[in-house]
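K.L.:
If you scroll down you'll find the structure; I have some questions about it.
The values are calculated or read from the model by the stated rules, or taken from the named source; none is laboratory data. None of the values given here were measured: they were computed from a predicted structure. No Cβ is skipped: glycine too gets one built from the backbone with ideal geometry, and neighbour counts run over all protein chains shown.
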Amino acid sequence: MYSYYLWCLLVLLYTRISGSESKTDYYHELSMARLTAPTAISNDSLFGYSITYVPKNKRLIVSAPKASFIGEIYNCDIEHQDCMLMDHAFTSQTEDHYSWFGATVKAGKDFFVTCAPRYLTIIKKVNGTQSRCYKYSSASKHFRPDNLNIVYDKTVKGPEERLMNSYGWSMVVAGRNVTVGGPAVYKGRVMQYSDIYLKSVRPTLIYGQELESIQYNFGYSIAVGHFLRDGVTSFAFSTPYGEVGYGKILLYDEKTKKWYSIKDNTIDRVGSLYGASMCSARLERTRSALLVGAPAHAADQQYDVGAVYIYTFSRDSSNMKLQSTVYGQKDGSYFGYTLASLGDLNGDGWDEVAISAPYEDDDRGAVYIYSGKHLLTKSTKELTWLQRIQPEGFQAFGLSVSIIDDYDENGCNELAIGAPNNNMVVVLRCMATITFRVQKLKPDKEKLRSTSTTGPLFKFQSCIDIEYPKKLKHIYANVSVTIAIIHQNCKLKNATDNSGTVLTHYIPVHVLYNKTTKYCRDVTIATPLEDTYDPLVHYKISMTLHDDPRNHSVFNQSRVVMSDSGDTSITDSVSINECSGGECIPKLYLYVKLSFPPSYVIGSSKTESMNIKVGNSGDVAYDACFYVDVKGVRIKEWPRSCNWDDGRDGLKCRPLVLLRNNTAFDNDLIVLDTQSLRSNDESVKVNVALFNRCDGNVSKTFTKVIPLLTDSTGVTVKGSTTGGDVVNVTKDNIDFTGKQVHHVYSIHNNASTTWVNFSMIITLKKQPYINNYTRNIEDVYDCTEFDETNETYLAKCIVNILKPNRKIEVILSINLPPKTLGEFLKVAGAPVVSRLEIVLGKDTKSYSIKSSLLLYNVEVPLWIIIAASLVGLLLLIIIGFILHECGCLKRKNKERLQELKRNVRRQSMRRTMLLRESVLNSHTIDTRPLIEKSDGRNNVQSGQDMPPQAPHTAQAQIEPNISQYDTPDQKPKLTLLDSDFVTIIPEQQSITKACSSTVAPKPTPAPKPTPASPPNKMINVDSTSGSQKLNKISADVILGGLQKNISNQ
């Protein structure tokens, strides 16, 4: 189905692309002719400032008003693209003044008129401007100038002002009538030649009381047409300044000599140059429309964008009324600077209009072609141009625009556009148009409904009406016609695409050559043999122009383009059926069977189904369908004959076979998801609507409502207290910590119904020893209402959903603060009572929990303490025994330690004896260290700081003569070296001679020190070395200790 819709989209896109016209251009830009002056002229000559065309001579007249100071006019041959300078009939001016000869040129059938509005002359001995105007009559391809008389304004007071004028800035020719404007002097003037063919014709001054209020620039622009009356010529004169700065248009009825004004201060703003350009165009049947340009119009935040206003006659006001406005698109473009009516280019009976914007796109300029019909029938937002002309390499392109009356004689007017800044004029050829109007498909009555093996065939005629250019003798166009149908089952016979839905054919050349006004082609639509289909076939017919002449560089007047006014594309539908009367009237019946029991309990089944059968006892039902709408339950599955319709929020089903007479279609089962039903669902409603045609009226209906029941018998509420119904409270709880009691409720759903959004009410009886309570937070229920009475705390909750075979737990944590329970527990147990209640429809289920608080004293008997102590002592003994058996408490180096002790003792005795002997004899003592280290093998090693030396080298020095000191405090003190162990002189050495310190000892020669040994070092007793530190010990204390040791031994 989705592929079908995609296919339809592609068909529409194809037909839109192939059937739409790529261009709407009517002027052939690739063959554009460029006209320039024959001789070199100055860049500021403004060649092309004004342009006109003389039909009799087929000559284009181009002016260059600043060439050679005076101004020049050129006669240009369009076919050969060359121009010839024309003579003028007055003497040259001084070089410091331009006459602007050729400021405006306007042509009649066989003449043209031009003026020199700034011609300088002497008036009352004062230089002043006095225009000169000339009429050039045709003589074959050459023109002869005739001087025209000038009218003078006698209404002004001063003779100088009366004699000065500036005629020739604007001009219009209507048959023999020539009207010339001179807006530059005084208030502005307009003169009119009633019959330009008369010799010595004298102009008349157009004047009226309505002109008294005008301040400046009357006659700035002039237009002529049938504005006010059918067949009566009227003139329109503009003044861009008006009375107070707003532009104003004055209409003059030539027959009644009455004046009418167009002024609306809301139209434009001051300075918009409203009325700077005007033209008439045939936009109505009998009267002319007036187009007024305001090239300096600008909205807020814009400048000089430009606008054009379109006026038509209003019978209500008997005056011209504004109908629509066209606005420029770009700042500084001066859109509406020049206006020109091009005549009917596309054959719709309305004149097309050219509007120039000469300064658009950084002064490049552009010219827009608009459909006259669209100017009045489309809104400003909808309006678009037909063609935009902007060739490369030009400046101020479109400053002047003029039509060339059917130069190629193909029925449309050519266009001349001036670019004075480039001293150039371009000519664009107009391409004739052919108008096609596609007709709707019409049944071929004679060949209607022929049969075939694949299904019925239906034949139609596709016709096209053709309108040809009147003047064009030979016509060439390569046009194709594409017919595309949009249908899921029907196909086009002899289709030209793979899908079988598009047929393209070309209009034969002889049809256009013979100018046949109606062309028809048979179209056959094939239908399926048995499958159902919609008898309404939508189609689109479109036309495409191939070998487009706009893409050719050479212009060929016989090549035509398709007019935009025709109907080159049409969309419609046709009915194809087998009924002889034209319209089929089937008689359908409907049968619906549901699997629901009479009383359906929600959750009793996962799915239910429905079966639909459609039959026919009448004419063929081509587009029968039925809609299935089920409320209250989701449609889970549907057969391939059905599709979901978002617009109806249900199923749209079509029979898979064509329902002819006495046939039926049995639709497959439609499955309903009853598992999705909830307790709040009240019923299931089934609606089936049968249609003879899907877009027609209802033929049959079926409606049934199935009531739904709920099952709450399996829903239970239970509860308990954490730790039991009796809650022990200790003295510590009473005095310090308080107590928390937990009531746990559980809601079990063992029924088949899924319950949703049912009420749950929690109550807690108030007690003096209850402070507050909290609940566990779960997503399945929400508590939003809380209340409190004199006896209870109350919470109202909503349980969101409780599915079958699921449960919900609600835990109440009740807080019992300290200092509140004691007096209640002394008398009897304190109760804590809560209740949970749920409401399931009309059924209510509840459960209540009561907990009793009892005082619990903790006392340990004496025998338990004694038994625990004995068990602990026994464990210590066992652990000690195990450690002893493992060797953890044994001394592993006991023999080595005892040997070390004996060595220390021997060394200590020996050194004591040597020290004593050294003191008595005033000799140096043994220099070996008092502390020796054992290597662990009963070998003693000397300290690391002692170098090898003689066995009796002194370690410490004491003054040799002790008797020289008077007091014991002055006795010499012994300074000991650092050592690790202090040894005792061995007791076998005799030191008896050390008893008297007053007897001078016998000098004993000291052994020579070892050369490598350092000098004896005296160490102060306060110093420390290594890990052992020795206190200061005086020499007499040491001696006293030795004497005591000897006496003991």
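K.L.:
Hey, could you check the stretch 416-434 for residues that are over 46 Å from the mean Cα position of the chain (by Cα) and in a strand (DSSP E or B) and say which is farthest from TYR337 (Cα to Cα)?
P.N.:
Restricting to residues being over 46 Å from the mean Cα position of the chain (by Cα) and in a strand (DSSP E or B), the top hit is ARG429.
K.L.:
Which of the residues spanning the stretch 531-556 are among the hydroxyl-bearing types (Ser, Thr, Tyr) and in a strand (DSSP E or B)?
P.N.:
TYR539, SER542, THR544
K.L.:
Yes or no: ASP96 on the phi < 0 side of the Ramachandran plot, at pLDDT 85 or above and of a type outside the set (Ser, Thr, Tyr)?
P.N.:
So ASP96 fails the test.
K.L.:
Follow-up. From the residues in the stretch 729-756 that are surrounded by 14 or more Cβ atoms within 10 Å (Cβ to Cβ) and assigned to a loop (DSSP other than H, G, I, E, B), which one is modelled with the lowest pLDDT?
P.N.:
GLY738
K.L.:
Please work out which one of (1) crowded, with 18+ Cβ neighbours inside 10 Å; (2) farther than 30 Å from THR435 by Cβ is the condition ALA340 fails and give its number.
P.N.:
Single failed check for ALA340: (2).
K.L.:
Among what's in the stretch 306-318 and is touching a strand residue (DSSP E or B) at 6+ places or on another chain (Cβ under 7 Å) and without any contact (Cβ under 8 Å) to a residue 40 or more places away in the chain, pick the residue that is farthest from SER356 (Cα to Cα).
P.N.:
Of the residues in the stretch 306-318, the ones touching a strand residue (DSSP E or B) at 6+ places or on another chain (Cβ under 7 Å) are 306-314.
The next check asks that each one be without any contact (Cβ under 8 Å) to a residue 40 or more places away in the chain; those that pass are 307, 314.
Values: ALA307: 11, SER314: 28 Å.
Ranking the qualifying residues of the stretch 306-318, first place goes to SER314.
For every residue, the table says whether it meets (1) surrounded by 15 or more Cβ atoms within 10 Å (Cβ to Cβ); (2) assigned to a strand (DSSP E or B); (3) within 50 Å of the chain's Cα centre (by Cα).
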{"position": "PHE758", "(1), (2), (3)": "yes, yes, yes"}
{"position": "THR763", "(1), (2), (3)": "yes, yes, no"}
{"position": "PRO768", "(1), (2), (3)": "no, no, no"}
{"position": "TYR793", "(1), (2), (3)": "yes, yes, no"}
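K.L.:
Regarding ILE262, is this residue surrounded by 21 or more Cβ atoms within 10 Å (Cβ to Cβ), over 16 Å from GLY181 (Cβ atoms) and touching a strand residue (DSSP E or B) at 6+ places or on another chain (Cβ under 7 Å)?
P.N.:
yes
K.L.:
Something else about it: So which residues in the stretch 246-305 are aromatic (Phe, Trp, Tyr) and without any contact (Cβ under 8 Å) to a residue 40 or more places away in the chain, if there are any at all? Before you say what the answer is, go through the steps one by one.
P.N.:
Let us first name the residues in the stretch 246-305 that are aromatic (Phe, Trp, Tyr), namely 246, 252, 259-260, 274, 303.
The answer is TYR246, TYR274, TYR303.
K.L.:
For the structure I just gave you, tell me whether GLY219 is touching a Lys or Arg at 6+ places or on another chain (Cβ under 9 Å) and surrounded by 16 or more Cβ atoms within 10 Å (Cβ to Cβ).
P.N.:
So GLY219 passes the test.
K.L.:
Still on this structure, please answer the following. Quick check on the stretch 581-591. Is at least one of its residues in a loop (DSSP other than H, G, I, E, B), aliphatic (A, V, I, L, M) and farther than 30 Å from ASP408 by Cα?
P.N.:
Pass one, the stretch 581-591, residues in a loop (DSSP other than H, G, I, E, B): 581-587.
This time we only want the ones that are aliphatic (A, V, I, L, M), so: 585.
When the remaining residues are screened for being farther than 30 Å from ASP408 by Cα, the result is 585.
Within the stretch 581-591 (the criterion being in a loop (DSSP other than H, G, I, E, B), aliphatic (A, V, I, L, M) and farther than 30 Å from ASP408 by Cα), the answer is yes, since at least one residue qualifies.
Conditions (1) within 53 Å of the chain's Cα centre (by Cα); (2) of a type in the set (Lys, Arg); (3) in a strand (DSSP E or B); (4) not assigned by TED's automatic domain parsing to the domain that holds LEU764, marked per residue:
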| site | (1), (2), (3), (4) |
| --- | --- |
| ALA664 | yes, no, yes, yes |
| VAL671 | yes, no, yes, yes |
| ARG678 | yes, yes, no, yes |
| THR703 | yes, no, yes, yes |
| VAL727 | no, no, yes, no |
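K.L.:
Can you tell me which of (1) crowded, with 16+ Cβ neighbours inside 10 Å; (2) not in a strand (DSSP E or B) is the one VAL574 doesn't meet?
P.N.:
(2)
K.L.:
Among the residues in the stretch 651-671, are any under 27 Å from LYS845 (Cα atoms) and surrounded by fewer than 18 Cβ atoms within 10 Å (Cβ to Cβ)?
P.N.:
No: zero hits.
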